[in-house]
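J.: What follows is a single structure, and I will ask about it in a moment.
The values are calculated or read from the model by the stated rules, or taken from the named source; none is laboratory data. Bear in mind the structure is a predicted one, so any value in this text is a computation, not a measurement. Please note: Cβ atoms are built from the backbone with ideal geometry, for glycine as well, and neighbour counts cover all protein chains shown.
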Amino acid sequence: MNRFPRPGKTLVDLPQSTHQRLNMYALAAGAAGVSVLALAAPADAKIIYTPAHVPILGPRGLYKLDLNHDGITDFNLANTTNYNTDQVFWNLVARGPLGNQVVGTFVYRGFPANAHAFVAGGKIGPGDPFFPEQVELAGLYYGGGGPSSHGNFLNVTNRYLGMKFQIGGQTHYGWARLTVKSTINPNNIYAELTGYAYEDVPDTPIIAGKTSGADVAEMPETLSAPSAAPATLGILAMGSPALSVWRREE
């Protein structure tokens, strides 16, 4: 074994204090490397989840849902009230542009499909009955024959709207979590979007409500506009006195 340095190389006997400092630098660099890897891990996640607190309130409520935060509206969630001479319609609906669809059930010709309300753990993906154009989540009616109500999202807490949408011409699956309440006298629908997610691998199913785990990355929370803050489901939970105050503030 050659115990002599190669030509051009010089061995230096470093002081013990220097060795200690070098060891500390190595440990720090190793820790920094671990931190970088930890930060990079979500980039490999498949489900991109965004928590939200967004009231969608009538009579002309509209939220433009951008599932993947690319600046393009993937679905419009609308809460509307419409009148004619002797009837009133309250409707919570979802509609996407061409190529974007919602899981639902057929009603009958000329009427929008009813959106399916998934429970947490349900799988959303190929094989589900997706409907283009507008689907209805919940509705109230008052007119001839008296009041009526319908829709799979009527009076539910944390149910999931199943969706498929396009990113660069490829199909991705996602969900939006909603809590919806209705009132009678006055008739109204109160909806709140509490989170949404999509699967970033094309043509891959997503699990409704999955918001944690190694395969989930979380985006910053989406909050409601300040002007909508007074009209939340928290006010609804307080009962009719709070609703009366809210109506006086409008």
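J.: Looking at this structure, is Gly168 without any contact (Cβ under 8 Å) to a residue 24 or more places away in the chain and either surrounded by fewer than 17 Cβ atoms within 10 Å (Cβ to Cβ) or of a type in the set (Phe, Trp, Tyr) (or both)?
T.: Judged against the criteria, Gly168 is a match.
J.: Do we have Val88 as within 26 Å of Asn185 (Cβ to Cβ), surrounded by 14 or more Cβ atoms within 10 Å (Cβ to Cβ) and in contact with an Asp or Glu (Cβ under 9 Å, 6 or more places away or on another chain) here?
T.: No, not satisfied.
J.: Now a separate question. Which members of region 130-153 meet the condition of being at pLDDT 95 or above and either within 9 Å of Ala117 (Cβ to Cβ) or aromatic (Phe, Trp, Tyr) (or both)?
T.: Phe130, Phe131, Leu137, Gly151, Asn152, Phe153
J.: Could I ask something else about it? Of the residues that sit in region 95-147 and are of a type in the set (Lys, Arg) and over 23 Å from Ser182 (Cβ atoms), which one is surrounded by the fewest Cβ atoms within 10 Å (Cβ to Cβ)?
T.: Only one residue fits best here, namely Arg109.
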